[in-house]
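*Asks:* Below is one structure. I have some questions about it.
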Protein chains: 2
Amino acid sequence: MGKEGLVIVGGVAAGLAAAMEARRAAPDLPVTVFERTGDISYGACGLPYVVAGLIPSADKLVLHKPEYFRERHQIEVRTDCEALELLPSKSVVRVRDAGGEGREVGYDSLVLATGAAAVCPPLPGRELEGVFVLRHLRDGRRLLRFLEEARPRTAVVVGAGYIGLEMAEAFVARGLRTTLVESSDAVMGALGGRARDRVAEELRAGGVEVTFGERATAFEGAAGRVARVLTDAGRALEADVVSVGVGVRPEVAMAVAAGIEVGESGAVVTDERQRTSAPGVYAAGDCCEVLHRVSGRRVWHPLGQPAVRQGWVAGANAAGASSPEARYAGVVGTNVVKVFGLEAARTGLSLEEAREAGFDASETEGESHSRAGYYPGGSEIYTRLVADARGRLLGAQMVGREGVAHRVDVYAAALHAGLRVEEVERLDLAYAPPFAPTIDPIIRAAHKARKKG
Amino acid sequence: MGKEGLVIVGGVAAGLAAAMEARRAAPDLPVTVFERTGDISYGACGLPYVVAGLIPSADKLVLHKPEYFRERHQIEVRTDCEALELLPSKSVVRVRDAGGEGREVGYDSLVLATGAAAVCPPLPGRELEGVFVLRHLRDGRRLLRFLEEARPRTAVVVGAGYIGLEMAEAFVARGLRTTLVESSDAVMGALGGRARDRVAEELRAGGVEVTFGERATAFEGAAGRVARVLTDAGRALEADVVSVGVGVRPEVAMAVAAGIEVGESGAVVTDERQRTSAPGVYAAGDCCEVLHRVSGRRVWHPLGQPAVRQGWVAGANAAGASSPEARYAGVVGTNVVKVFGLEAARTGLSLEEAREAGFDASETEGESHSRAGYYPGGSEIYTRLVADARGRLLGAQMVGREGVAHRVDVYAAALHAGLRVEEVERLDLAYAPPFAPTIDPIIRAAHKARKKG
């Protein structure tokens, strides 16, 4: 490692995880992080809870300030500094400070942690004040300021992905009359059927008007401010504020311009050490692909936890660490969201995803009780399992009022280890009346899946 | 299978699971269950919650009455009918109905599901009224009647196993001044150190007086009713009622007399099809040994969930089913208990157990937050991991106010699959701010264990 050290582009989850792990691996290595916004080290996933009023301000989502990294870890963090161009052949990145000129910065190794951008569909009226696409902390700050100043009374959320679900609940918590419009028939991308129905019921019980199979087609307003969302069902939904959450795309423009390979998903291709196709250049987090351990394919799976993991791996390798554990094992696609009093979770592949990936897959579903039947306060957990014809577990979806968020992790561990449903059925799980029935819902669902298989 | 059919001795968890699975496997097979008490099909684990007043009566713990099995499943259930003697060479069991004579019943196959008996140490005064050893539903009914009639104001619980912990909480819930005396320095058999301290703090905060390393030596009373528990520390603890929970022993007298092999643990030896050493005789549940998948040893592990599983396997095999899945996979030793607002759980081996089993084992411990740091309502989860010198996970212990009971199951799945701590560290677990931090406590603990290893 030369004297120019490690340069990291992006100062949120993956970028700072890389910086910290590089520092641990190489105590004297110069490490510099460039972040194009004014914020670093924050949990963007907390924004809906700030909107809801559960967390008093967006500043509470910030874990550390630049000084922390500089003073405690000798990591130089430059905010409001945008990386403009990457020249791998010269080991140089061109950056520009706010209001400044572009300048060249040399590196020995570089980590791309440029993340993902929220997609706003090119609909008429999307430039109206009051239409928000939440991604970065600054987006959240703008929305919060708007809510304070404009005092909206009606809200429309476009898209029932996990951010959409959280935002619908958040708007209701703020007292807004809220409508959620989802163009597909699923929530969280792949949760359909009875799982979707339970989430929809919970939203409606919470006061959200929900429609599926209805697409937003335009935003209309007055005096430059949004007032209505038009849909392909011919409706005009009142909307003093709109949150659009229809997807994200990897931020790869600089990587593409530098000739770095991107995959079919549009995200940067890396190996298990998070190396890109350019020598000395690593990538981590929402800008790159990951191995999906169930399908065996490299997919784009932009989520916070994998981002931090990849950051550790990229940082360790970029700092020259050669420990065998500095490899990223990939994901199994685990995800959970709170929707009012409900926990909705998934891991692995849905039936459609499994079939699309070439598996001879089928699914079983059922409900079972979260606690011993005689113990008060329990409720039904809906579970759907996907397995292949030979009984290998491929995926699980769970929805319930308690005990779902961590139970799904047992299926995630089973997917990681490649267990068959009959092996899941044999797991020795914790039992006590307040927490589970004698035979846990995890086991009941596996039992059903095996009997069918 | 001949016409005498299947006879099952014992009508609670394992026995009835065996009966039901046999019925599924062989729709026309005669199935008879003999239960020596008047109760069948109940959840004894619920008794502390009846005592606490959380469940209105012990009858609520009964799932089905004998008529249900007779009318719906053509399973003959005889309560108050004790099995006296087993003669495997003649395929006959001698039984006696309440108040009746002994009679011989022939069988084609037989399942021993005789369970376990609670141990009451041979202390002076143990025959006093008000000294209870809880095991069967009738024990609970007697205790409840005593509580109603004698209106005790002080209680002593002897033994900090999971029943002792639950009973201490239950007595406090009923308004009794309660003392818990444990002779070892651990709770739940093997939870020591900081895990034990957190449980003890919770008990004390809940109003229980707790001492460790202090042994009950005698019960004293007046007019035949208990009034005090004496200890080896020279104390006399006021006790209008006493719950003794210092252990259980397998009910194997009939099996031993029949020449059936019992293991070093004192429980019946079976193979993975739950066959005993006597032809045609199977055993399931708390009367028999199980394979501990981590140590590879056959151990005695009397708990409800393994009992039901073994019952299924015994029933299927005793009914002549030859499906490859009718094998019991063994346990990894998972257990959880609620202690006031705390969840305390373990799976696998403790450090002492691991060393005793021949592993070159060490442990790491730490605390991490149950939710995203900025999300309100979270708390610290204490985790201790035991691993061998090559990084194989051997056991886990967790204590916390939320998210422990199911998180421990992820370690249980990892133990079942034989994962190394570095593989646990790489699991892709569910993340959302209300349920977990970006990097789950499960991962943090594994990370710490690997770094040490």
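*Asks:* Check B:417, B:445 and return the single one that is facing another protein chain (nearest Cβ under 9 Å) and either open to solvent by 10 Å² or more (accessible area, probe 1.4 Å) or closer than 23 Å to residue A:395 by Cβ (or both). Break it down stepwise before answering.
*Replies:* Values: B:445 fails: facing another protein chain (nearest Cβ under 9 Å).
Going through B:417, B:445 in turn, the sole match is B:417.
*Asks:* Could you list, in sequence order, the residues of the stretch A:323-341 that are outside any loop (DSSP other than H, G, I, E, B), touching a Leu at 6+ places or on another chain (Cβ under 8 Å) and facing chain B (nearest Cβ under 8 Å)?
*Replies:* Initial filter on the stretch A:323-341 (outside any loop (DSSP other than H, G, I, E, B)): A:331, A:335-339.
Restricting the remaining residues to those that are touching a Leu at 6+ places or on another chain (Cβ under 8 Å) gives A:331, A:335, A:337, A:339.
Across the stretch A:323-341, the qualifying residues are A:331, A:335, A:337.
*Asks:* Follow-up. Can you name the residue in the stretch B:293-322 that is of a type in the set (S, T, N, Q) and more than 10 Å from chain A (Cβ to nearest Cβ) and is also surrounded by the fewest Cβ atoms within 10 Å (Cβ to Cβ) among such residues? If you could, list the steps in order and put the result at the bottom.
*Replies:* Taking the stretch B:293-322 and keeping what is of a type in the set (S, T, N, Q), we get B:295, B:305, B:310, B:317, B:322.
So of that shortlist, the ones also more than 10 Å from chain A (Cβ to nearest Cβ) come out as B:295, B:310, B:317, B:322.
Numbers: B:295: 20, B:310: 29, B:317: 27, B:322: 9.
The extreme case among them is B:322.
*Asks:* Let me ask something else about it. When the stretch A:263-292 is examined, which residues are found to be outside any loop (DSSP other than H, G, I, E, B), of a type in the set (A, V, I, L, M, F, W, C) and open to solvent by less than 50 Å² (accessible area, probe 1.4 Å)? Talk me through it step by step, then tell me what you get.
*Replies:* Narrowing the stretch A:263-292 to residues outside any loop (DSSP other than H, G, I, E, B): A:268, A:275, A:281-283, A:288, A:290-292.
Still in the running and of a type in the set (A, V, I, L, M, F, W, C): A:268, A:281, A:283, A:288, A:290-291.
Of everything in the stretch A:263-292, those that are outside any loop (DSSP other than H, G, I, E, B), of a type in the set (A, V, I, L, M, F, W, C) and open to solvent by less than 50 Å² (accessible area, probe 1.4 Å) turn out to be A:268, A:281, A:283, A:288, A:290.
*Asks:* Those residues that are in a loop (DSSP other than H, G, I, E, B), at pLDDT 95 or above and touching an Asp or Glu at 6+ places or on another chain (Cβ under 9 Å), I need them from the stretch A:12-35; list them, please.
*Replies:* A:29, A:30, A:35
*Asks:* All but one of (1) buried (at least 17 other Cβ atoms within 10 Å of the Cβ); (2) at negative phi; (3) touching a Cys at 6+ places or on another chain (Cβ under 7 Å) hold for residue A:115; which doesn't?
*Replies:* Residue A:115 satisfies every listed condition except (2).
*Asks:* While we're on this one: List pairs: first residue in the stretch A:281-294 and touching a residue at least 60 places away in the same chain (Cβ under 8 Å), second residue open to solvent by 10 Å² or more (accessible area, probe 1.4 Å) and charged (D, E, K, R) anywhere in the structure, Cβ distance under 8 angstrom, at least six positions apart or on different chains.
*Replies:* Correct list of pairs: A:281/A:275; A:282/A:273; A:282/A:275; A:286/A:251; A:287/A:251.
*Asks:* Moving to a separate point now. Within the stretch B:424-441, work out how many residues are at pLDDT below 95 and either open to solvent by less than 10 Å² (accessible area, probe 1.4 Å) or within 7 Å of another protein chain (Cβ to nearest Cβ) (or both).
*Replies:* Going through the stretch B:424-441 one residue at a time, the tally reaches 3.
*Asks:* Sticking with this structure for a sec: Might you check whether a residue that is open to solvent by less than 10 Å² (accessible area, probe 1.4 Å), touching a Leu at 6+ places or on another chain (Cβ under 6 Å) and either away from chain A (no Cβ under 14 Å) or closer than 15 Å to residue B:443 by Cβ (or both) occurs anywhere in the stretch B:394-408?
*Replies:* yes
Conditions tested, residue by residue: (1) small (Gly, Ala, Ser); (2) surrounded by 21 or more Cβ atoms within 10 Å (Cβ to Cβ).
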residue: A:6; (1), (2): no, yes
residue: A:9; (1), (2): no, yes
residue: A:13; (1), (2): yes, yes
residue: A:21; (1), (2): no, yes
residue: A:31; (1), (2): no, yes
residue: A:38; (1), (2): yes, no
residue: A:45; (1), (2): no, yes
residue: A:59; (1), (2): no, no
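*Asks:* Where the second residue is open to solvent by 20 Å² or more (accessible area, probe 1.4 Å) and acidic (Asp, Glu) and the first is part of a strand (DSSP E or B) and lies in the stretch A:112-123, which pairs have Cβ atoms under 7 Å and are six or more apart or on separate chains?
*Replies:* Hits for this filter: A:116/A:251; A:116/A:286; A:117/A:251.
*Asks:* Quickly run through the stretch A:394-425 and pick out the residues that are touching a Lys or Arg at 6+ places or on another chain (Cβ under 8 Å) and either in the same structural domain as residue A:292 (by TED's automatic domain parsing) or without any contact (Cβ under 8 Å) to a residue 12 or more places away in the chain (or both).
*Replies:* A:406
*Asks:* If you don't mind, there's one more thing I want to ask. Quick one: residue A:365 ticks every box in (1) closer than 30 Å to residue A:209 by Cβ; (2) buried (at least 22 other Cβ atoms within 10 Å of the Cβ) except a single one, so which number is it?
*Replies:* Just one mismatch for residue A:365, condition (2).
The values are calculated or read from the model by the stated rules, or taken from the named source; none is laboratory data. Because the structure is a prediction, the values reported are computed rather than measured. Virtual Cβ from ideal backbone geometry, glycine too; neighbours counted across all protein chains shown. We work out accessible area using only protein heavy atoms, side chains counted, and drop any ligands, DNA or RNA first. Shrake-Rupley method; radii C 1.70, N 1.55, O 1.52, S 1.80 Å.
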